[in-house]
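Report on the structure given below.
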Amino acid sequence: MSSPSIVWFRDDLRLADNPALRAAIEHGEPIIALFVLDEESEGLRPLGGAARWWLHHSLASLAERLHDKGATLVLKRGAAAGVLRELVTDAGAGAVFWNRRYGGPERAVDAGIKSALRAEGVTVASFAASLLHEPWTVTTGSGTHYSVFTPFWRACLALPAPRAPLPEPREIPGAPRPPASDALDDWALLPTTPDWAAGLRETWEPGEPAARRRVKEFLENDLPGYDSARDEPSAGATSLLSPHLRWGEISPFTVWHEAVGVDGAGGFLSELGWREFAWHTLYHFPDLAAKNLRPEFDAFPWPPLDPSQLDAWHHGETGVPLVDAGMRELWHTGYMHNRVRMVTASFLIKNLLVDWRLGEEWFWDTLVDADEASNPFNWQWVAGSGADAAPYFRVFNPELQAKKFDPQGVYISRWASKAPTEPIVDLAETRKAALAAYDAVKRAP
Ligand code: FAD
């Protein structure tokens, strides 16, 4: 009697460069591929709407690819610890393999499962797959973590080069009688009433094959112009890899090795560095979405919320063209260009004086690339409360930003041609009020 191995897929919905899958194949027993929709374990952040849409399609693609290689994707819903325990017992599994996660609650779940299964004599092995450098391996001279990007990235570049990506397995010996699976449709990850996902369908193709095509196209067509055009929202100059990286449909090792050595790739690779830095920060500060990284910002005197202003921001009705264009792009496509993310976030926090956490939550729900580290990290960066953050007194002027980065108004007219033109607040006055409010932070002990 063979005792199958379980490969537990999480944020790594791919076959290529998947060390957990590779280790399971080398272990030599038949494989059960598992994905758990865990909405019960303590502290895990429920997925936003756009992320659920992406997950549905990415799982459908993964299931098809596993099937082609000889294995079945088993879907289970529930607290991961219970699901794993039951599955190991029912299937008589002898080993469980997974790639690591780095959020605080995820690490607690994984550590608990690892020790419980090991106590039962089950082999458990975990692997590095989602980051180029494990967060605890990048340390300062005095052994602490980094809080400034430039020395962090310099330290990463001084470490041994990221390992080469593993090839996609030719065959995956699936368990002959896989356990019963939930039906993906029963998870109701897709919106129905109303179905707001038409723009997402037009814009994206989730799944590993599309991710691999995207890297190739980006490197061939866009990388040479990346540094000069990456800040222009209408240029289509960036890689659009963020949701693929978020779900691990492509590994950062693959992206790194395909881009490194290409002329002019340094700027692009350092953006991958910001992704690493966001995760490094989350690893050392698991409360990143809830608490100011710099505690003096706890003294910031947020005025009472005006829900109509927040609502205008959500729906791109602020009367500020670049802000409205960005918020409409987000609503329609589940994505917003990085420069415009900074401008819309600054407008919410500094011109509307709305707590950054409310903006973070909206992005969490609407971005297809919403990521537990990058989203709160970048919101805190704009707010001034985060790691290596823009100083609070840097208030983006959305009109100047539009002049500089969308001089012909191409992006604005694409997204906001029908938006109101009377701003809901006076930009100069609200900027002054924000700076006055910031005095409370400066006076904080
Ligand atoms: P490219 O310019 O092609 O960059 C390549 C990759 O580098 C990206 O796919 C991404 O993985 C990474 N990257 C680039 N910039 C950053 C950055 N500033 N921080 C971390 N990683 C970066 N990015 C997310 O992936 N998820 C989020 O939830 C997220 N929320 C954000 C919220 C705000 C307020 C801001 C200002 C930025 C946020 N970003 C987030 C970062 C950035 O806007 C996106 O990663 C980028 O726009 C994705 O487009 P791209 O793949 O074409 O990027």
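The values are calculated or read from the model by the stated rules, or taken from the named source; none is laboratory data. Here the structure is a predicted model, which is why all the values come from computation and not from measurement. Note: ideal-geometry Cβ built from the backbone for every residue, glycine included; neighbour counts use all protein chains shown.
Listed here are the residues, each with its yes/no results for (1) closer than 24 Å to Arg163 by Cβ; (2) more than 20 Å from the chain's Cα centre (by Cα).
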residue: Trp53; (1), (2): no, no
residue: Ser61; (1), (2): no, no
residue: Leu75; (1), (2): no, yes
residue: Gly103; (1), (2): yes, no
residue: Ser115; (1), (2): no, yes
residue: Gly121; (1), (2): no, yes
residue: Gly141; (1), (2): no, yes
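Of Leu84, Leu21, Leu55, Leu37, which residue is under 29 Å from Ala197 (Cβ atoms), in contact (Cβ under 8 Å) with a residue 40 or more places away in the chain and crowded, with 20+ Cβ neighbours inside 10 Å? Break it down into steps so the answer makes sense when it comes.
Values: Leu84 fails: under 29 Å from Ala197 (Cβ atoms); Leu21 fails: under 29 Å from Ala197 (Cβ atoms); Leu37 fails: crowded, with 20+ Cβ neighbours inside 10 Å.
That would be Leu55, the only listed residue that is under 29 Å from Ala197 (Cβ atoms), in contact (Cβ under 8 Å) with a residue 40 or more places away in the chain and crowded, with 20+ Cβ neighbours inside 10 Å.
Could you check Gly359 against (1) in contact with a Leu (Cβ under 6 Å, 6 or more places away or on another chain); (2) of a type outside the set (A, V, I, L, M); (3) more than 8 Å from the ligand (Cβ to nearest atom) and say which number it fails?
The single condition Gly359 does not satisfy is (3).
Would you call Glu232 within 28 Å of Lys350 (Cα to Cα) and near the ligand (Cβ under 9 Å from one of its atoms)? Step through it out loud before you land on a result.
Working: within 28 Å of Lys350 (Cα to Cα): yes; near the ligand (Cβ under 9 Å from one of its atoms): no.
No; evaluated as a whole, the condition is false for this residue.
What residue, of Leu66, Leu34, Leu21, is under 19 Å from Asp110 (Cβ atoms), part of a helix (DSSP H, G or I) and modelled with pLDDT of 95 or more? Write out each step before concluding.
Working: Leu66 fails: under 19 Å from Asp110 (Cβ atoms); Leu34 fails: part of a helix (DSSP H, G or I).
Of the residues listed, the single one that is under 19 Å from Asp110 (Cβ atoms), part of a helix (DSSP H, G or I) and modelled with pLDDT of 95 or more is Leu21.
Consider Thr254 against the criteria (1) of a type outside the set (Phe, Trp, Tyr); (2) at pLDDT 95 or above; (3) within 10 Å of the ligand (Cβ to nearest atom): it satisfies all of them except one. Which criterion is unmet?
(3)
Condition test on Asp365, is it near the ligand (Cβ under 9 Å from one of its atoms), acidic (Asp, Glu) and at negative phi? Working first, answer last.
Numbers: near the ligand (Cβ under 9 Å from one of its atoms): no; acidic (Asp, Glu): yes; at negative phi: yes.
Here the answer is no, as Asp365 does not meet what is asked.
In the stretch 303-353, which helices (runs of 4 or more DSSP H) lie fully inside it and hold 1 or more residues that are more than 23 Å from the chain's Cα centre (by Cα) and either of a type in the set (S, T, N, Q) or within 11 Å of the ligand (Cβ to nearest atom) (or both)? So that I can check it myself, show each step before the final result.
Working: elements: 307-314, 321-333, 338-346.
Result: 307-314.
Given the structure, is Gly267 surrounded by fewer than 18 Cβ atoms within 10 Å (Cβ to Cβ) and more than 15 Å from the ligand (Cβ to nearest atom)? Steps first, answer last, please.
Values: surrounded by fewer than 18 Cβ atoms within 10 Å (Cβ to Cβ): yes; more than 15 Å from the ligand (Cβ to nearest atom): no.
Judged against the criteria, Gly267 is not a match.
Considering (1) at pLDDT 95 or above; (2) away from the ligand (no atom under 15 Å from the Cβ); (3) surrounded by fewer than 14 Cβ atoms within 10 Å (Cβ to Cβ), say which one Arg177 fails and leave the rest.
(1)
I need the full set of residues from the stretch 367-411 which are more than 26 Å from Ala436 (Cα to Cα), crowded, with 21+ Cβ neighbours inside 10 Å and over 12 Å from the mean Cα position of the chain (by Cα), in order please. Even if it seems obvious, please write down each step before you answer.
Residues of the stretch 367-411 more than 26 Å from Ala436 (Cα to Cα): 367-375, 403-411.
From what is left, the residues that are crowded, with 21+ Cβ neighbours inside 10 Å are 367-375, 406, 411.
Asp406, Tyr411 - these are the residues of the stretch 367-411 that are more than 26 Å from Ala436 (Cα to Cα), crowded, with 21+ Cβ neighbours inside 10 Å and over 12 Å from the mean Cα position of the chain (by Cα).
Just to be sure before I move on: is Pro376 more than 15 Å from the ligand (Cβ to nearest atom) and not charged (D, E, K, R) in the structure I sent?
Details: more than 15 Å from the ligand (Cβ to nearest atom): no; not charged (D, E, K, R): yes.
Considered against the rule, which asks whether it is more than 15 Å from the ligand (Cβ to nearest atom) and not charged (D, E, K, R), Pro376 comes out as no.
Looking at Thr144, Thr139, Thr150 in this structure, which one is among the β-branched types (Val, Ile, Thr) and under 18 Å from Glu271 (Cα atoms)? Outline the logic, then answer.
On the way: Thr144 fails: under 18 Å from Glu271 (Cα atoms); Thr139 fails: under 18 Å from Glu271 (Cα atoms).
That would be Thr150, the only listed residue that is among the β-branched types (Val, Ile, Thr) and under 18 Å from Glu271 (Cα atoms).
Since Ser130 meets every condition but one in (1) under 17 Å from Glu276 (Cβ atoms); (2) in contact with a Phe, Trp or Tyr (Cβ under 6 Å, 6 or more places away or on another chain); (3) among the hydroxyl-bearing types (Ser, Thr, Tyr), which condition does it not meet?
Evaluating Ser130 over (1) under 17 Å from Glu276 (Cβ atoms); (2) in contact with a Phe, Trp or Tyr (Cβ under 6 Å, 6 or more places away or on another chain); (3) among the hydroxyl-bearing types (Ser, Thr, Tyr) leaves (2) as the failure.
Examine the stretch 418-435 for a residue that is without any contact (Cβ under 8 Å) to a residue 24 or more places away in the chain and under 31 Å from the mean Cα position of the chain (by Cα), and state whether such a residue exists. It would help to see each step written out before you state the result.
Residues of the stretch 418-435 that are without any contact (Cβ under 8 Å) to a residue 24 or more places away in the chain, as a first pass: 418, 426, 428-429, 432.
Among the residues that remain, those that are also under 31 Å from the mean Cα position of the chain (by Cα) are: 418.
Looking through the stretch 418-435, at least one residue is without any contact (Cβ under 8 Å) to a residue 24 or more places away in the chain and under 31 Å from the mean Cα position of the chain (by Cα).
Within the stretch 116-123, is even one residue under 29 Å from Ala289 (Cβ atoms), of a type outside the set (S, T, N, Q) and buried (at least 16 other Cβ atoms within 10 Å of the Cβ)? Show your work before the answer.
Initial filter on the stretch 116-123 (under 29 Å from Ala289 (Cβ atoms)): 116.
Those left that are additionally of a type outside the set (S, T, N, Q): 116.
Cutting the leftovers down to buried (at least 16 other Cβ atoms within 10 Å of the Cβ) gives us none.
Scanning the stretch 116-123, I find no residue that is under 29 Å from Ala289 (Cβ atoms), of a type outside the set (S, T, N, Q) and buried (at least 16 other Cβ atoms within 10 Å of the Cβ), so the answer is no.
Restricting to the stretch 354-369, what's the tally of residues that are among the acidic types (Asp, Glu), touching a residue at least 12 places away in the same chain (Cβ under 8 Å) and part of a helix (DSSP H, G or I)? If you could, list the steps in order and put the result at the bottom.
Residues of the stretch 354-369 that are among the acidic types (Asp, Glu), as a first pass: 355, 360-361, 365, 369.
Among the residues that remain, those that are also touching a residue at least 12 places away in the same chain (Cβ under 8 Å) are: 355, 360, 365, 369.
Still in the list and also part of a helix (DSSP H, G or I): 360, 365.
Residues that pass the stated criteria total 2.
Output the number of residues of the stretch 380-405 satisfying the condition of being within 11 Å of the ligand (Cβ to nearest atom) and either free of Cβ contacts under 8 Å to residues at least 60 places away in the same chain or under 20 Å from Asp11 (Cα atoms) (or both).
Count: 4.
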